[in-house]
Amino acid sequence: MLFGDYMLIKNSLDEMKKREISLKVIKSIIDKKGKNSLCDLTGLSGGFLATQNDLNLLETYIGPAIFEEELQIVGKEHLGGEKIFAVNRTSSGILATILAIVKKNTKVIHFLPEFPAHPSIPRSCKLVGAKYSEFDNIDDFKNNFSEDTSLVVITGSTMDHKILEMNDFKAVISIAKNNNIPVLVDDASGARLRTAIYSQDKAIDLGADLVVTSTDKLMMGPRGGLMAGRSELIDKIKTKAHQFGLEAQPPSILAMVKGLEEYDGNNLRESLSKKEKLVLLVDNNFSMFEGTPTGIMVSEKSLEKEVLLNNEINPNISSKDLCFLWAMILLKQENIITIPAVSMPGASPTIRFDLAANDAKNLNINFLFDKINSSFKTLLSVSKDENLARKVLFNIE
């Protein structure tokens, strides 16, 4: 079911209202029980690592003078490339790139392992009047490549952690290179997932001209974006970003430096044993879960199917609503944060339990399974009652 008259969450405004309620619930839980009572399993919790001496340097011009130089060193080690640039979100880096490189009426072609694309890419193309198309099949990509293409975008890892196969990765870059078209890799989580878990090469080492990653995904960094690539392209993007205020500010740059210094791919690999134990537990009790590189997930269609195995769903509640509802129940009832409860409008509604998250380090897997099971039983009850569902989504209590 698409956004329409028969949904609890009808549009982006409703998604934002849902997010605001979730943040208020989080604050209420912290006020009543303390921060340690929450368990953030989004894999996006990030962090802000800094000493008092670091914080004393966060003046308007002193901060960039100190920390941008350090960022060049740790950023190149993490992503490769000739030059590094920090932006306030991955979406900001994508927007700045398209503003700087893409001309009106030219084409942006996007290749990704699975639909849909992150909404920031087609939205940015629309702003500059570019024609946008996306493909998950290499033959379709080849057949739609044309002379008026101005940028190729590759997604290394989707919002639901589907990883692009190396053969397709290399083939897309080769086609773009043969036609002298720059390649931007949206490697938001992939810069760590692909390399640490799947032993793939860095995007720049594969031949990409640009790459952008999220510094809060699967690492202890701030919510922000980090770009790397060819110097002349980074300079163009940096100039455009500063014109529109898309660049990261000194506190974020400091936190990026400290987060990158702290990052260790072994921490991601250590989550695999916990994941295997959780997969066994859920597979013995449910049919809806899929494995991810660092945990488990439930798509909207799989969740809808599982709920229907147990009872009817109110006709005014869609499959997306079910994801939002379960995420909110997990938060309110079990104090577990998942992405659909706190996500920005347009993000995937898939519910992920990420065991590479910092809060999962000391988490008892049997305890987590009990919370998953208990919250799902509540969802079964809520999904039959539209009024109760609305209260769950839009009331703080």
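The values are calculated or read from the model by the stated rules, or taken from the named source; none is laboratory data. Keep in mind that what you see is a predicted model, and the values were worked out from it rather than measured. Here Cβ is always computed from backbone atoms with ideal geometry, including for glycine, and neighbour counts include all displayed protein chains. Note: accessible area is taken over every heavy atom of the protein model, side chains too, but ligands, DNA and RNA are not part of it. Shrake-Rupley method; radii C 1.70, N 1.55, O 1.52, S 1.80 Å.
Rounded to the nearest 20, the size of the Cβ-charge dipole of the range 52-262 about its Cα centre is 620 debye, with Lys and Arg at +1 and Asp and Glu at -1. Rounded to the nearest whole angstrom, the semi-axes of the ellipsoid equivalent to the chain, taken from the Cα gyration tensor as √(5λ), stand at 35, 25, 20, largest first. Take the chain with all the other protein chains still there, run a 1.4 Å probe, and you get 44 Å² of accessible area per residue. Within the shell of other residues whose beta carbon sits under 15 angstrom from the beta carbon of K103, the net charge comes to +4, with Lys and Arg scored +1 and Asp and Glu -1. Summing Cβ point charges (Lys, Arg +1; Asp, Glu -1) relative to the Cα centre of the chain gives a dipole of roughly 720 debye. Kirkwood hydrodynamic radius of the range 96-244, from the reciprocal of the average inverse Cα-Cα distance over all distinct pairs: 15.3 Å. Give the lysines whose C-alpha is closer than 25 Å to that of K170, dropping any in the same chain fewer than 8 places away, or say none. Counting by Cα, and skipping residues close in sequence, K170 has these lysines nearby: K76, K83, K107, K131, K142, K162, K202, K217. Near F135, once Lys and Arg are set to +1 and Asp and Glu to -1 for all other residues with Cβ below 15 Å from its Cβ, the sum equals -4. Sorting 147-153, 223-229 by average packing, meaning the other beta carbons within 10 Å per residue, from highest down gives 223-229, 147-153.
Relative contact order of the chain: 25 percent, from C-alpha pairs under 8 Å at least 6 residues apart in sequence.
When the chain is treated as a GNM with alpha-carbon contacts under 10 Å, the residue of L355, L210, L309 showing the greatest mean-square fluctuation is L309. Rounded to the nearest 500, what is the 222 nm mean residue ellipticity of the chain from helices alone, with -39500 (n - 2.57) per DSSP H run of 4+ residues and division by all residues? Per the formula, -14500 deg cm²/dmol.
Apolar share of the accessible surface for the range 251-343: 46 percent from carbon plus sulfur atoms, 1.4 Å probe.
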